[in-house]
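Okay, so here's the structure we're looking at.
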Amino acid sequence: MDAMGGNINLLLPVALPIAAGASVLLYPGFRRNRRHLLTAVLAALTAEGILVALALGTGGSLFLWQLTDAVVLIFHVDGVSCLFAALTAGVWLLVGIYSVSYMKQEQEEHCFFGFYLIVLGVLIGLDFSGNLITMYVFYELMTLASLPLVLHERTKEAVAAGLKYLFYSVAGAFLALFGIFLLLQICGSVPFTPGGVLAWLPDSGAVAAGTDAVSTKTVDKGLFLAAMFCILVGFGAKAGMFPLHGWLPTAHPVAPAPASAVLSGVITKSGVLAVLRVVYYVAGPDMLRGTWVQQAWILLTLLTVFMGSMLAYKEPVLKKRLAYSTVSQVSYVLFGLSMLQAQAFVGALAHIIFHSLIKNALFLCAGAIIVTAKKKRVAEMIGLGDQMPFLLICYTIVSLALIGIPPTSGFVSKWYLALGALASETGVWAWMGPAVLLVSALLTAGYLLPLTIQGFFPGTDLKRDETGEGGSPCPAAEKVSAWMLAPVFVLTAGALWFGCFPGFLLSMLEKIASGVL
């Protein structure tokens, strides 16, 4: 068992929020004094941003712990780590600022903030993971740490949703574990390597390690493909991919709006990260290209895209509608990854960022509307434009971005996804994929824009009381706090900015793509 060695800066952004979260949970003074609680939380979130920037700037690796040759925990920073860690830290700070106002109405506020900080540290650990074992450890920790965010209300519905979230997440992780065991048998606990470390052995129909530095054990091709399918479906559970998507529409409505925002915008991406690492940094895209696993993966992603959009279109409750939307939109990312093509890969990485900005803004808008207007169903939210015009304008802009209307960021990522699909050598999926994405975009407009239309153009007969007579516009009980509006504005500005000026980001993503494809 060797001592820790490497760049210690990689450990600090993992340890700080976990320690801060534990202090918030355990120190009684934070329960009695809200000002001290909020000061500590915001200070920790700000310091975390600085530490993440320092870690990404210095880069390198950090050896943490070794039990056996196959069980080694290491951190490493590469382009994918930078992408996910910067996104996580930035979004967590903005949603934390929003929570200052939102959570004052909630009981046991310190519990929410404590686990909120702990989840942040675990997610950064997941982003920095340098091999399969480290990634799996932090993946499971992330599920356990985020469970209290779903359970926060402690109602019967919240407990049921939390148990469902736990069951789906653990079941998916155990399914993926079968494939991880097989990969460890083939190549051992090698670091993540762009392009993968495995190669086919054509004469034997088997797969083996593709580098001299790792084991040369071989395994049957059919068993390997079955294991990879288990990994894709298992880790796809956290990303909301069919058939393990059911936790999302159950967990979001019962969780506080800030928890719903990060569950949808960031935590679902942990499943995407796990899939990305296994396919592109361990197995290698060539191992799946043209196989039945790729075909089945593409089918599941497109089925999820269409199903999620259709269910969102039919859902009357706003937060649940947004949850079904997440089911659909995160599978846009998985679809891009399943193409195993450079442009689609760039589109998938771009959509990770853009969807996170957009969906966090949408959930924060929904939370502000629910708190102030005391309404949860879309049909009840008539005339909101008179009460909260700025918030509804932001909602409209990010809705257009999620639909994919230029010049918003959603158009950029979906354009790359469509071009990549058309350029791929996937047969019928090359045109069917863009067709499904187009239908999903139309459905997205159908389930997001009615709130804008009703809010700004309520008409005279859209809302009626129990007698059938025309009703008055939905009143806001109180003004939306600046603590809520500021993060929504920043997220909306980001969604618009990346649509107008995507060049720098796309060049960085293309560099990552060139290393794995």
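Laboratory data are not the source of any read-out in this text; all were calculated from the coordinates shown. Note that this is a predicted model, so its numbers are computed, not measured. For neighbour counting, all protein chains shown are included, and Cβ atoms are generated from backbone atoms with ideal geometry for every residue, glycine included.
Observations
- Taking the Cα centre of segment 333-517 as origin and assigning +1 to Lys and Arg Cβ atoms and -1 to Asp and Glu Cβ atoms, the resulting dipole is close to 260 debye.
- Against the chain, whose longest principal axis comes from its Cα atoms, helix 389-403 is set at around 30 degrees.
- Sparse-neighbourhood loop sites, chymotrypsin sites (Phe, Trp or Tyr not before Pro) in segment 9-118 - DSSP loop, at most 13 other Cβ within 10 angstrom: none
- Linear extension gain, L422 paired with L201, 0.36 nm per residue minus alpha-carbon span: 76.5 nm
- Set K319/K359; K221/K269; K376/K479; K359/K414 screened for pairs whose C-alpha atoms are more than 19 Å apart: K221/K269
- For S61, nonlocal amide neighbours, meaning residues 5 or more places apart or on other chains whose placed amide H falls under 5 Å from its own, are N7.
- Protection proxy ranking for 122-135, 421-434, 235-248, 141-154, using the average of other Cβ atoms within 10 Å per residue and placing the highest first: 122-135, 235-248, 141-154, 421-434.
- Normalised contact order of the chain, rounded percent, pairs of Cα under 8 Å and 6 or more residues apart: 14 percent
- Highest mean first, the peptides 491-500, 44-53, 263-272 sorted by other C-beta atoms within 10 Å per residue fall in the order 263-272, 491-500, 44-53.
- Listed peptides 274-281, 501-508 by packing density, highest first (mean Cβ within 10 Å): 274-281, 501-508
- Positive-end ranking of N131, W497, V480 along the dipole of the chain, with charges on Cβ about the Cα centre, is headed by V480.
- Charging the Cβ of each Asp and Glu at -1 and of each Lys and Arg at +1, and nothing else, the dipole of the chain about its Cα centre rounds to 920 debye.
- Computed from the Cα positions only, the extents of segment 108-181 along the three principal axes stand at 38, 23, 10 Å, in decreasing order.
- Farthest toward the positive end of the dipole of the chain, out of I186, F242, A226, is the Cα of F242, where the dipole comes from beta carbon charges about the Cα centre.
- FRET efficiency for the pair S514 and I8, taken as 1/(1 + (r/R0)^6) with r the Cβ-Cβ distance and R0 = 45 Å, rounds to 0.90.
- The A22 and A53 beta-carbon pair, evaluated with R₀ = 22 Å, returns a calculated FRET efficiency of approximately 0.40.
- Efficiency of FRET from Cβ geometry, A86 and C500, R₀ 30 Å, rounded to 0.05: 0.90
- If you look at the Cα atoms of segment 333-517, you get an Rg and a Dmax of 19.1, 65 Å.
- Within the shell defined by Cβ-Cβ distances under 11 Å, the residues around E153 carry a net charge of -1, with Lys and Arg each +1 and Asp and Glu each -1.
- For a label point 7 Å along the Cα-to-beta-carbon line of L67, residues of segment 1-40 with backbone N under 15 Å: 1-2
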